[in-house]
Amino acid sequence: RLPVATTLDAVKPLLEEADPVKGKALFFSTKGAGCAKCHRTNEQSQGFGPNLSFLVKQKNSEHVMKSILQPSLEIKEGFSTQWILTKSGKVITGLLKTETGTQLELVKPDLARVLVKKDDIEERQGQQVSAMPSFDRLLTPQQVADITAWLLSNPEE
């Protein structure tokens, strides 16, 4: 954990010299950023979080940096976490995959699917907090710049 939070202003000047190779390593690292645990960068595969292949077309570095540092500022449609309390007292959280008149299907971060019968629900809330942790105290300004550079460099992983 960093003693001082990484800010957008600290990252911006580093973008010009950012290293996409280091950014890719951080994205796929099992320690540190580990973005690949939830995100994908090609259109063929799915993860728990949004597929990031659209970022290449957008070419919006500020959006990428803000999403890394403050993921709850803008939650992409379909990626709001649902919080469910069942009548038996069990708490279930996940992303809403499908909903019918009788049940919900939630997806957990490990991509496990949980079916919940609506008759079993005591309370249900849509959360306005991203399932993605904020990386402002976990990644240095250079690391955020490197990941941003890689994401905008047409990754095909």
Practice prompt. Compute the distribution of all C-alpha to C-alpha distances in the range 114-157, in bins of 10 Å from 0, and list the percent of pairs in each, rounded to whole numbers.
Written response: 19, 28, 22, 18, 13
Fill in: Length released on extending from ILE121 to LEU2, taking residue separation times 0.36 nm less the Cα-Cα span
38.9 nm
Practice prompt. Compute the length gained on full extension between SER88 and PHE54: take 0.36 nm times their separation in residues and subtract their Cα-Cα distance, giving the result in nm to one decimal.
Written response: 8.1 nm
Worksheet item: Considering the Cα trace of the chain, what is its radius of gyration and what is Dmax, both in angstroms?
Response: 17.4, 56
Worksheet item: Using +1 on the beta carbon of Lys and Arg, -1 on that of Asp and Glu, and nothing else charged, what's the dipole of the range 8-106 about the Cα centre, debye to 20?
Response: 340
Response to the item:
With x for Gly and Pro, the residue-by-residue ³J(HN,Hα) of the range 129-144, computed from phi through the Karplus equation 6.51 cos²θ - 1.76 cosθ + 1.60 at θ = phi - 60° and given in whole Hz, is 10, 5, 5, 6, x, 6, 9, 5, 10, 10, 10, 6, x, 5, 5, 5
Practice prompt. Find out how many positive minus negative residues lie around GLY49, taking Lys and Arg as positive, Asp and Glu as negative, among other residues whose Cβ is under 12 Å from that of GLY49.
Written response: +3
Worksheet item: Over the Cα atoms of the range 89-136, what is the Rg over Rh ratio if Rh follows Kirkwood?
Response: 1.00
Worksheet item: Under a plain spin-label model, where a point goes 7 Å from the Cα along Cα-to-Cβ, how far apart in nm are ARG137 and THR30?
Response: 2.7
Item to complete: Provide the FRET efficiency to the nearest 0.05 for the ASP110-GLU62 pair, computing r from the beta carbons and using R0 = 30 Å.
Response: 0.45
Item to complete: May I ask you to compute the full-extension gain from GLU16 to GLN46, defined as 0.36 nm times their residue separation minus their alpha-carbon distance, rounded to one decimal in nm?
Response: 7.8 nm
Discussion item. Take the residue pairs LYS57/LYS97; LYS22/LYS59; LYS37/LYS59 and return only those whose Cα atoms are more than 21 Å apart.
Written reply: LYS57/LYS97; LYS37/LYS59
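The numbers here are math on the coordinates, done by the rules we state, and not lab data. Computed from a prediction, not measured in an experiment: that's the story for all the values here. In this analysis, Cβ positions are derived from the backbone assuming ideal geometry, glycine residues included, and neighbour counts consider all displayed protein chains.
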